[in-house]
Amino acid sequence: MKAAVLKSLGSPLVIENAPEPVLGTGEVIVDVVATRVLSYMNEVFSGVRNYALDLPIIPGPGGIGRVRAVGPDATKLAIGDWVFCDPTVRSRDDAVAPDIALQGLTAAGTGGLLLQKHFRHGSFAEQMRVPTENVKPLGAITSGEATQWCALGTLLVPYGGFLAANLQPGETVLVSGATGNFGSAAVSVALAMGAACVVAPGRNEKILTDLVRRFGGRVKPVKLSGNENDDRESMKRAAPGPIDCVLDIMPPSVSTTVVRAAIMTVRPYGRVALMGGVGMAGGAGLELPYPWIMRNCISIHGVWMYPPDAATRLIALVRSGLLRLEEYEAKAFDLDHANEAVAHAAAHAGPFKLTVIRP
């Protein structure tokens, strides 16, 4: 099969023939039709993000495709079914605290690296091998629609944060990082889940205005000044009432003071989900006042990705019409132009932008 292979950090992807994946028990082979390119994939390939990669590797976290072959433990999947390949691979021998690897992207800890040795190669190829439980049926779609369905991979991340924070219909949410690629996805997901109001802070007024244009009056934009105390009060005033839940999904480059200002807007007994990259590039950690957390009974959740059933539930939100994939503007490349796709994704990293490779 044809594949894009990363052979060393800092070098371009090599487009070449690679061995087809071999089916084993507990696995599914999928013909990849479309796969998204992360906006920061260039930073992963250069080594800037310091992701754990067992090289050489066929990168690509998740994708949309059709079932090519199934193992003996699959009872519902059929050859030709349209599916989403969930890249969050979990070890099967510890139900309480499974190790995790993101197929085609990175791994966490020693256990995650063990997983990556087998489920290493991702979706920048004509075929990929996926754990059976990670193959999520989409129902009938067309080949052309597969490009738009790649947005699931972006939307799933904030969805996991809101599930962890137990977001309820009618609540008020604040999305810290609302003007970014994942943050804007969080705004749309929160509204689809029934949030009465989403406070959207940011410095880019054009993007803030566009969020209101897309989603209406339930989005309350806040222009940040850079002063922690002033910004905190501005975010509180923008909400029609107490802020029930805060989701932080800021990138590594953001100051901890910006994140803290947003987190401390949450009401007593409120919930905070931390999904961003603050501190991953070095520098100061996030300092929160112990008395404020304790006396206000604040729940703080660290969330990496999402639970195993999240993709199926999110697909249902899309099918119901509550979550619109049409918000995304997609640009597709063929596999021969994978390096151009990576560059395009980095240059077009804004809200509701989607770069896709179609092998």
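The values are calculated or read from the model by the stated rules, or taken from the named source; none is laboratory data. Note that the structure is a prediction, hence the values are computed from the model and not measured. Heads up, the Cβs are rebuilt from the backbone with ideal geometry, glycines too, and the neighbour counts pull from every protein chain shown. The protein model used for the area step is the full one, side chains on, heavy atoms only, and it has no ligands, DNA or RNA in it. Shrake-Rupley method; radii C 1.70, N 1.55, O 1.52, S 1.80 Å.
One table, with the values for the structure above:
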{"item": "Across K223/K331; K7/K353; K117/K353; K206/K353; K7/K76, pairs whose alpha-carbon gap is larger than 26 Å", "result": "K223/K331; K7/K353; K117/K353; K7/K76"}
{"item": "Whole-Å distance, taken between Cα centres, linking the stretch 1-51 and the stretch 166-229", "result": "33 Å"}
{"item": "With all protein chains modelled, accessible area of R66 [1.4 Å, Å²]", "result": "100 Å²"}
{"item": "Overall Cα dimensions of the chain - principal axes, largest extent first, Å", "result": "57, 42, 41"}
{"item": "Computed helical MRE - 222 nm, the chain, DSSP H runs ≥ 4 contributing -39500 (n - 2.57), nearest 500", "result": "-8000 deg cm²/dmol"}
{"item": "Where the stretch 1-131 is the region considered: accessible area per residue in Å², 1.4 Å probe", "result": "42 Å²"}
{"item": "Relative contact order [Cα under 8 Å, 6+ residues apart], the chain, whole percent", "result": "19 percent"}
{"item": "R313 paired with E20, simple spin-label distance in nm, labels 7 Å along Cα-to-beta-carbon", "result": "3.8 nm"}
{"item": "Net charge over other residues, Cβ less than 14 angstrom from the Cβ of R271 (K, R count +1; D, E count -1)", "result": "-2"}
{"item": "³J(HN,Hα), Karplus 6.51/-1.76/1.60, whole Hz, each residue of the stretch 188-201, x for Gly, Pro", "result": "5, 5, 4, 5, 5, 7, x, 4, 6, 8, 10, 7, 10, x"}
{"item": "Net charge of Cβ neighbours under 14 Å - reference A346; Lys, Arg +1; Asp, Glu -1", "result": "+2"}
{"item": "Cut-off under 5 Å, modelled amide H: who pairs with F333 long-range", "result": "V356, I357, R358"}
{"item": "Cα-based shape type of the stretch 116-235, given that a ≥ b ≥ c are square roots of the gyration tensor eigenvalues and the cut on a/c is 1.5", "result": "prolate"}
{"item": "M305, M41, M294, ranked by accessible area, largest first (probe 1.4 Å)", "result": "M294, M305, M41"}
{"item": "Amide H contacts under 5 Å for G63, placed H, 5+ residues apart", "result": "C85"}
{"item": "The stretch 149-284: relative contact order as a whole-number percent, Cα under 8 Å and 6+ apart", "result": "25 percent"}
{"item": "Karplus-derived 3J(HN,Hα), 6.51/-1.76/1.60, for each residue of the stretch 331-342, Hz, glycine and proline x", "result": "10, 10, 10, 7, 5, 4, 10, 4, 5, 5, 5, 4"}
{"item": "Karplus-derived HN-Hα couplings along the stretch 258-275 (A = 6.51, B = -1.76, C = 1.60, θ = phi - 60°), whole Hz, x at Gly and Pro", "result": "5, 5, 5, 4, 6, 4, 7, 7, 5, 6, x, 6, x, 10, 10, 10, 9, 10"}
{"item": "Protein accessible area in the stretch 64-219, 1.4 Å probe - carbon and sulfur %", "result": "53 percent"}
{"item": "Accessible surface, 1.4 Å probe, highest first, among residues T257, T132, T110, T88", "result": "T110, T257, T132, T88"}
